[in-house]
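Novice: Please find one structure pasted underneath; my questions will follow.
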Amino acid sequence: MALSFTEKEAIVAEVAEIANSAFSVVVAEYAGLESVDMDDLRAKSRDGGVRLRVVKNTLARRALEGTDFACLQESLVGPVVMAFSQEDPGSAARVVKDFTKENDKLVVKALSISGQLLEASELDRLASLPTKDQAISMLMSVMQAPVTKLARTLNEVPGKLVRTVAAIRDDKQAA
């Protein structure tokens with residue numbers, strides 16, 4: 001069943017809106033993937049904060065025009081699925097990486113983060129990026145370190161005084 005022009009416009013507008021709010025995109029070929037496996041991928045992507053879209057390539061190209069992900073237009077060949085990271089830059093890569101461990105029929109074609117096109121081999125590097133919560137905790141630990149060191153240093157002064165007085169006391173008691 002062919003789509004009408006208004007339906008195509010709606011799809012292009014929806015994908016463009018998703019792309020404008022996304023941090024990164026993973027484009028993967030899903031040829032040979034069964035519908036049960038695709039449903040599993042959709043469920044995992046919902047849990048991971050990833051928007052998964054299967055759109056005709058010409059409509060996807062139009063939707064990506066004018067976005068940070070216009071660099072992906074050449075990789076939109078064949079049956080492809082686009083995974084948009086909505087929560088953090090590495091979430092789509094993590095979902096796709098975990099799914100490809102179980103199912104080798106999903107083949108990553110290209111990645112993009114902030115308008116930069118990455119090779120498919122960079123999937124592991126993108127997937128290893130920390131989540132927002134992990135990044136905040138790493139930042140807080142870095143910010144906390146100097147304060148902790150200062151507190152230990154200031155605490156050492158009375159501790160050294162107590163040890164010196166105790167050593168003098170022990171010397172006087174021994175004498």
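Rule-based calculations on the coordinates, nothing more; no lab input. None of these values were measured; they are calculated from a predicted model. Counting neighbours? That spans all protein chains shown, and the Cβs are built from the backbone with ideal geometry, glycine included.
Novice: Given the peptides 114-124, 141-151, arrange them by the average over their residues of other C-beta atoms within 10 Å, most packed first. List each step's numbers first, then the result.
Specialist: On the way: 114-124: 13.3, 141-151: 9.6.
Highest to lowest by the protection proxy: 114-124, 141-151.
Novice: Below 29 Å, Cα to Cα, which lysines can residue 101 reach? Residues fewer than 8 away in the same chain don't count.
Specialist: 44, 56, 109, 132
Novice: Could you tell me the distance between the Cα centroids of the stretch 1-72 and the stretch 81-107, to the nearest Å?
Specialist: 13 Å
Novice: Please name which of 83, 69, 112 has its Cα lying farthest along the dipole of the stretch 21-118 towards the positive end, using unit charges on Cβ (Lys, Arg +1; Asp, Glu -1) and the Cα centre as origin.
Specialist: Highest projection toward the positive end goes to 69.
Novice: Between residue 100 and residue 4, what is the label-point separation in nm under the 7 Å Cα-to-beta-carbon projection?
Specialist: 4.0 nm
Novice: For the stretch 5-129, build the charge dipole from Cβ charges (+1 Lys, Arg; -1 Asp, Glu) around the Cα centre, then report which of 13, 48, 128 sits farthest towards its positive end.
Specialist: 13
Novice: Whole percent per 10 Å bin, from 0 to the bin with the longest distance: what is P(r) over all C-alpha pairs of the stretch 1-75?
Specialist: Reading the bins upward from 0: 17, 46, 35, 2.
Novice: On to the next question. Where does the chain land on the Kirkwood hydrodynamic radius, alpha-carbon pairs, in angstrom? The partial results should precede the final answer.
Specialist: Working: mean 1/r = 0.0519 Å⁻¹.
In the chain this quantity evaluates to 19.3 Å.
Novice: Explain nothing, just the number: dipole magnitude of the chain about its Cα centre with +1 on each Lys and Arg Cβ and -1 on each Asp and Glu Cβ, in debye rounded to the nearest 20.
Specialist: On the way: 22 positive and 25 negative charges, 182 e Å.
The calculated dipole for the chain is roughly 880 debye.
Novice: Among the GluC sites (Glu not before Pro) within the stretch 1-103, which fall in a DSSP loop and have no more than 13 other Cβ atoms within 10 Å of their own Cβ?
Specialist: 34, 65
Novice: Next question, about the same structure. With a ≥ b ≥ c taken as the square roots of the eigenvalues of the C-alpha gyration tensor of the stretch 65-110, please select rounded if a/c is under 1.5 and otherwise prolate if a/b is larger than b/c or oblate if it is not?
Specialist: Numbers: a/c = 3.14, a/b = 1.27, b/c = 2.47.
Note, shape of the stretch 65-110 comes out oblate.
Novice: Related question: Hey, which lysines would be in cross-link range of residue 172, C-alpha to C-alpha under 25 Å, not counting anything within fewer than 8 residues on its own chain?
Specialist: Partners within reach: 160.
Novice: Next question, about the same structure. Just how large is the dipole of the stretch 17-118 about the Cα centre, in debye to the nearest 20, putting +1 at every Lys and Arg Cβ and -1 at every Asp and Glu Cβ?
Specialist: Values: 13 positive and 15 negative charges, 37 e Å.
With Lys and Arg at +1 and Asp and Glu at -1, about 180 debye.
Novice: Could I ask something else about it? Rounded, prolate or oblate: which fits the stretch 130-175 when a ≥ b ≥ c are the square roots of the eigenvalues of the alpha-carbon gyration tensor, with rounded for a/c under 1.5 and prolate only if a/b beats b/c? Walk me through the intermediate numbers first.
Specialist: On the way: a/c = 10.57, a/b = 5.14, b/c = 2.06.
Prolate.
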